[in-house]
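> Supplied in structure tokens, the structure appears directly below.
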Amino acid sequence: MTVLELNDVVVEYDSKGRGKVRAVAGASLTVERGQIVGLVGESGCGKSSLARAAVGLLKPAAGTVLFEGKDVTPLRRTARPRELVRLQMVFQNPYSSLNPRRKIGAQLADGLTALDHSRRGRLVRVAELCELVGLPGAAAGRYPHEFSGGQRQRIAIARALAADPSVIVLDEPLASLDASAQAQLANLLVGLSRDLQLSLLLISHDLAIVRHVADEVSVMYLGTMVEIGPTRPLWELPLHPYSEALIAAVPHPDGRGFMPEALPGEVPDPGRPPSGCRFHPRCPYAFARCREEEPPLVALDGGREAACWLQPAGAAPAEPGERAAQLAPAVGVE
Amino acid sequence: MSLLEVEGLRVRLPMAHGLVTIVDGVAYSVEPGEVFGVAGESGSGKTMSMLALLGLLPEGAVVEGTVRFGGRDLLRLPRKQLREVAGRELAMVFQDPMTSLHPMLPLGRQLTEHVRLHLGLGRKAAERRATELLEEVRIPDPQSALHAYPHQFSGGMRQRIAIAIALACRPRLLIADEPTTALDVTVQAGILRLLDRLRHENDLAVLLITHDVGVMSSIADRVSIFYGGRIVESGKREDVLQRPRHPYTRALLDALPHPEAARDQPLVAIAGSPPSPAALPSGCAFHPRCAYAVETCAQEVPSLVAMNGRRFACPVDPLRVR
């Protein structure tokens, strides 16, 4: 069952002197019940904007966002519709989303007031939430500064869980944590998802962690989705040249001295995206058509999707370099 | 002779309750043209031990030990002479290039300041050197870049510029503190390749401080692992990362997601969190989190023992126990 569905979402920002800048230029994404979906891409690719649109923190210029089949209405001055309480978000820096002057217990109880009116019931639930995320029972009586970075992120997750959500969108929840705290938190997220049938949309630039926890991965480049697929096959055989480049750039901590591949060029200005395929100026396989026509995201064998002229709809997935070599005589790959 | 030789380095910083030991008895050496990796979690003392070399510690810090660099003891040099050495032969690059680049000055000014001050070059010669430097770190169109400001460049380009400035006086040692942490992997790979090329072409030694074992694994020749202000293990990259002898190194590596790990297999996190320097556990600082700890671990600080070209501070050897 699909719990979160983004269709052709466009997010625009007003930029002085440049008119409107499209941070997200028509991106689609679905999250199934109990699924962990990873959203990866370089900074500036629009993944955080898409996340904000997904929870209604900003209003898409076009496209629809559906949560459990209902429209996600952007947050305004009026109260948020009751149904949307089950769609929650966790941010990168828990210290800026937690109130430093209030005890943890009180902050967790905030999320409960709408659901549970009895004081005793709230106290019991706060203790349960602490236990659920692996915090000591005494945590409720303490302040945010008394906790480590990893523990604060647990508190932020507990607060999201207070609303009994079915979907949590997490924007870089593991960044700025040490390896061990990252491992603890990654385990917690996988456990919560499995035990509570919770769906997670995990935005991260840390590809190694996403590979480990996500069931499905969406790769975003300059405001559009370039590849979507089940995690393991996507990692073993990336179909879009951009996914291929991202994976090749990840260092290996195995002591063998593997030198990661650098992707030449820079992410272009989203205000002036390249013609045709947005990735073509940095793509090693680009040919004439790539400069003129933007490839649509098409379905391929094995539940995979890619937006690349090297991967025709319905075809068997193939390594981009191999496909380019086959096509070279016909299309004039440079 | 080693380019840099650190012995018995101890750093104490003034805190609310008096002096707190942040770095305790650290020793290592760096050879010319070598990348020496220093890894550890936040608060392990890796950054403070580097700042101590450059005399950049906060007011009231107490530093002991010796730091031999090019025949001098940096810790005993008068302030003015240390500045001379630290400006010319030693250079440093930080995580966020915007902290070392001046936002209101064009790059030309920032690149020439160094060489004019330390090498005594004239304006024309300094500008030629600045253009060379930008070429060396692969900034497109270096001539016009001299007139541009830092905000006109992306994060990766800014870090390249910071490296160019650090290289201005042809230092023999570059201290790089988390130089790629704020960057995307695609850009990070470019910086790692740049550092690797510089050490090969210019015989530049790099002291690379990072929390990312992957980054260290890609370019370091030798590595050392910091925990609780001490080095717990050091040796050749492949030895330490493939056959760790200290339980902490082992645990740190086990916590990383592994490409071949089975789906749904949880990561092996280290129990608890890293200790605060102000409340370091007795004996081996890692013992409360250690799966191999025995009674004596809580009582004695294990000394760093040399064995087959590597050193580790643990009486229990996880390789043997397994």
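> For helix A:119-132, report the angle its Cα long axis makes with the longest principal axis of the Cα atoms of chain A; keep it between 0 and 90° and round to the nearest 10°.
40 degrees
> Separate question: Round to the nearest 0.05 the FRET efficiency obtained for B:Ala306 and A:Arg142 when R0 = 51 Å and r is the Cβ-Cβ distance.
0.70
> Taking the Cα of B:Glu5, stepping 7 Å toward and past its beta carbon, and measuring to each backbone N in the stretch B:221-253: which are under 16 Å?
Within reach of a label on B:Glu5, which here means backbone N under 16 Å from a point 7 Å along Cα→Cβ, the stretch B:221-253 contributes nothing.
> Hey, another quick one. Quote to one decimal, in nm, the extra length available between B:Ser154 and B:Leu117 on full extension: 0.36 nm per residue of separation minus the C-alpha distance between them.
The span from B:Ser154 to B:Leu117 would gain 10.5 nm if fully extended.
> For the protein assembly as shown, what D do you get in µm² per second when you plug the Kirkwood radius from alpha-carbon pairs into Stokes-Einstein at 25 °C and 0.890 mPa s?
In µm²/s, the coefficient rounds to 91.
> Got a sec? Charge dipole of the protein assembly as shown, +1 on Cβ for Lys and Arg, -1 for Asp and Glu; which of B:Leu252, A:Val133, A:Ala307 is way out at the positive end?
Positive-end residue among those listed: A:Val133.
> If you take the beta carbon distance between A:Thr2 and B:Arg72 as r and set R0 to 51 Å, what does 1/(1 + (r/R0)^6) give as a FRET efficiency, to the nearest 0.05?
On the way: r = 68 Å, r/R0 = 1.33.
Result of the calculation: an efficiency of 0.15.
> Across peptide A:210-217, what mean number of C-beta atoms from other chains lies inside 10 Å of a residue's C-beta?
Working: counts 1, 4, 10, 5, 0, 2, 0, 0.
Counting Cβ atoms of other protein chains within 10 Å of each residue's Cβ and averaging gives 3.
> Could you sort out which of B:Lys46/B:Lys236; A:Lys20/A:Lys47; A:Lys70/A:Lys103; B:Lys46/B:Lys80 sit more than 23 Å apart by Cα distance in this structure? Provide the component values of the computation, followed by the final result.
Working: B:Lys46/B:Lys236 18 Å; A:Lys20/A:Lys47 18 Å; A:Lys70/A:Lys103 35 Å; B:Lys46/B:Lys80 25 Å.
Those over the limit are A:Lys70/A:Lys103; B:Lys46/B:Lys80.
> Under 1.5 on a/c is rounded, so check that first for chain B, then, if it is not, pick prolate when a/b is larger than b/c and oblate when it is not; a ≥ b ≥ c are the square roots of the alpha carbon gyration tensor eigenvalues.
Prolate, because a/c is 1.5 or more and a/b exceeds b/c.
> Further question: Run the simple label-point estimate for A:Tyr95 and B:Gln299 please: 7 Å along Cα→C-beta, distance reported in nm.
Reported label-point gap for A:Tyr95 and B:Gln299 is 4.0 nm.
> Considering every residue in A:257-269, what mean count of other chain Cβ atoms within 10 Å of its Cβ is obtained?
Values: counts 9, 3, 7, 11, 5, 11, 6, 3, 2, 8, 5, 0, 0.
Mean shielding count: 5.
> Then there is this: Only Lys, Arg, Asp and Glu count, each charged at its Cβ (+1, +1, -1, -1), so figure out the dipole size of the stretch B:104-165 about its Cα centre, rounded to 20 debye. Spell out each step's value before the answer.
On the way: 9 positive and 6 negative charges, 28 e Å.
Here the size comes out at about 140 debye.
> Can you compute the modelled spin-label distance between B:Arg197 and B:Gln242, with each label point 7 Å from Cα toward Cβ, in nm?
According to this spin-label approximation, the distance is 2.8 nm.
> Trypsin sites (Lys or Arg not before Pro) within the stretch A:1-98: which are DSSP loop residues with at most 10 other Cβ atoms inside 10 Å?
Taking the stretch A:1-98 and a limit of 10 other Cβ atoms within 10 Å, the loop trypsin sites (Lys or Arg not before Pro) found are A:Lys16, A:Arg76, A:Arg77.
> A further question follows. Can you tell me which of A:317-323, B:33-39, A:124-130 comes out highest on packing, and rank the rest after it, using the mean Cβ neighbours within 10 Å?
On the way: A:317-323: 16.4, B:33-39: 24.3, A:124-130: 18.7.
Top of the packing list down: B:33-39, A:124-130, A:317-323.
> In nm, to one decimal, how far is the A:Arg18 label point from the A:Glu83 one, both placed 7 Å along Cα→Cβ?
Rounded to a tenth, the inter-label distance reads 3.7 nm.
> May I ask you to work out the translational diffusion coefficient for the stretch A:235-331 at 4 °C, viscosity 1.567 mPa s, via Stokes-Einstein with Rh from the Kirkwood sum over Cα pairs, reported in whole µm²/s?
Taking Rh from Cα pairs, D becomes 89 µm²/s.
> Can you sort A:Ser275, B:Ser224 from fewest to most other Cβ atoms within 10 Å of each residue's own Cβ?
Sorted ascending by nearby Cβ count, the order is A:Ser275, B:Ser224.
> Please list, in order, the residues from the stretch A:206-237 whose amide nitrogen is less than 15 Å from a point placed 7 Å along the Cα→Cβ vector of A:Arg194.
A:212-215
Since every read-out is calculated from the coordinates, none of them should be taken as a lab result. Since the model is a prediction, treat every value here as computed from it, not as a measurement. Positions of Cβ are backbone-derived with ideal geometry, glycine not excepted, and every protein chain shown enters the neighbour counts.
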